Amino acid sequence: MEQSRRARIRVCHVITRLDVGGAAENTLRSVCGLDPERFEVSLIYGRTDNPLEAWIRRAKDRGVRLIPIPEMVREIRPLADLKVFSRLYRLIGQLQPDLIHTHSSKAGILGRWAAKLKGVRAIVHTPHGHVFYGYYGALLSRLFRTAEKLTAKFTDRIVALTHLEVEQHLEERVGRRQQFAVIHSGVDVEKFAGARGDRDALRERFRVPPGAVCIGSAGRLAAVKNYELLLDTLGMLEARRPGGYHVVILGEGAQRGLLYHKAMELGVQDRFYLPGWFEAIEGLYPAFDLFVLCSKNEGMGRVLVEAMAAGVPVIGTAVGGVPELLGEGDCGLVIPPNDPQALAEAIERLAQSSELREALIQKGRQRARDYTADSMIEKLVGLYEELMDAKTIG
């Protein structure tokens, strides 16, 4: 049957929160990218303290129905989680979606079980990486791993951001290979590639001393992002070349105070700046001489795509999908996780070699074009329609 003669597909997304970060932006970009003439879209989300306001407004303008459940939080709270599950169950009954698409672990587990018990035709889940390590202690990690194994049994598709993420799930015996689809997290590459900013004015704004190498990073100020590693590295670099390096991290989160305290302990508080988070982040990249992602765990590392598109050479830790994204070091330097000496050496290599910087800039720009938002939406729509056709035939 032709698409024009079909009823709109009712799609409901569920995510734990819409705070600043890759998972929330990916989800909002996805719901905004779905054609409202082909899809009727709703988005259920939990407690959000630092919302992506511009994206949320865009979703409303696109006709997405936004439904908050403030009681849904990342932490495990058995009684509250039961109430959230009950609320999700009732909401799914009211919305009557053809397809549920959940995101992240907490919403992914509660949302998929509610959808299963409500008899939703198709269930899709995007983990946005995984929580097998880097987020919680051994006991909680084991609990989430067990819950993911059980929930994967009735999930129609698990969307991985990279091929490496698929292998990591299979190693943990979560899901079967045929359940996985690889759809990268989409970035507005052209926006970052075309962004312009007054470099001198930005560096003055970010308190970068004249002649210093500006090391940029961006993301939630959370333990899993491991910005303490970047500060330890800055301390080493400051001892070798006083005043030669300056770190700027674009982001907000619970670790803001901890990071400033650590910077003072290391004596690098004048070489470190947290300007906060900005919706129009693309105009800030011209301030950076290089960009570092030092996470303990990472689904893909979309900020690396942004930096590469903006023409900034990048360094990333060998976690999650980062090595695949960076072509195993071809498009950016890849270092072991939690190794300040390795990070310091990588930063110095880039700072001292204009030839290396230029080579990575050129390869990075080309690599970034494989991760466009349009490509992500096209693959996502194809997945939804494939599942709907299969369920109709079945």
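What follows draws every value from the coordinates through simple rules; no lab data is involved. If you're wondering where the values come from, they're calculated on a predicted model, not measured in any experiment. In this analysis, Cβ positions are derived from the backbone assuming ideal geometry, glycine residues included, and neighbour counts consider all displayed protein chains.
Remarks
- Label positions at residue 142 and residue 391, each projected 7 Å from the Cα along the C-beta direction, are separated by 3.6 nm.
- Kirkwood Rh (inverse of mean 1/r, distinct Cα pairs), the chain, angstrom: 21.7 Å
- Computed magnitude of the charge dipole of the stretch 168-298 (debye, nearest 20; Cβ of K, R +1, Cβ of D, E -1): 220 debye
- In the stretch 3-61, one over the average inverse separation of all distinct C-alpha pairs is 12.0 Å, which is the Kirkwood hydrodynamic radius.
- Scanning residues 5 or more positions from residue 67 or on other chains, those with amide H under 5 Å from its amide H are 43, 44, 45, with H placed 1.01 Å from N in the peptide plane.
- In the stretch 81-128, taking the dipole from charged Cβ atoms about the Cα centre, the farthest positive-side position among 86, 123, 97 is held by 86.
- Label-point gap, in nm, between residue 54 and residue 265 - each point 7 angstrom along Cα→Cβ: 3.5 nm
- The angle between the Cα long axis of helix 227-240 and the main principal axis of the chain comes to about 10°, on a 0 to 90 degree scale.
- Two-site FRET efficiency, residue 149 against residue 77, from Cβ-Cβ distance with R₀ of 22 Å, rounded to 0.05: 0.50
- Grouping the Cα pair distances of the stretch 155-277 into 5 Å bins from zero gives a pair-distance distribution of 2, 9, 15, 15, 13, 12, 11, 10, 7, 4, 1, 0 percent in increasing distance order.
- Taking 0.36 nm per residue of sequence separation and removing the Cα-Cα distance, the residue 328/residue 370 pair yields an extension gain of 13.6 nm.
- Taking 0.36 nm per residue of separation and subtracting the current Cα-Cα distance, fully stretching the chain between residue 173 and residue 193 would add 3.3 nm.
- Radius ratio Rg over Rh of the stretch 189-371, counting only Cα atoms, Kirkwood formula for Rh: 0.92
- Straight-distance crosslink candidates among aspartates and glutamates, where the alpha carbon sits under 19 Å from residue 391 and sequence neighbours closer than 8 are dropped: 2, 40, 98, 156
- Total charge dipole magnitude, the chain, about the Cα centre, Cβ charges on Lys, Arg, Asp, Glu only, Debye to nearest 20: 1560 debye
- The string of couplings for the stretch 66-75 from the Karplus curve (6.51, -1.76, 1.60, θ = phi - 60°) is 9, 10, x, 10, x, 6, 7, 10, 5, 5 Hz, one whole number per residue in order, with x for Gly and Pro.
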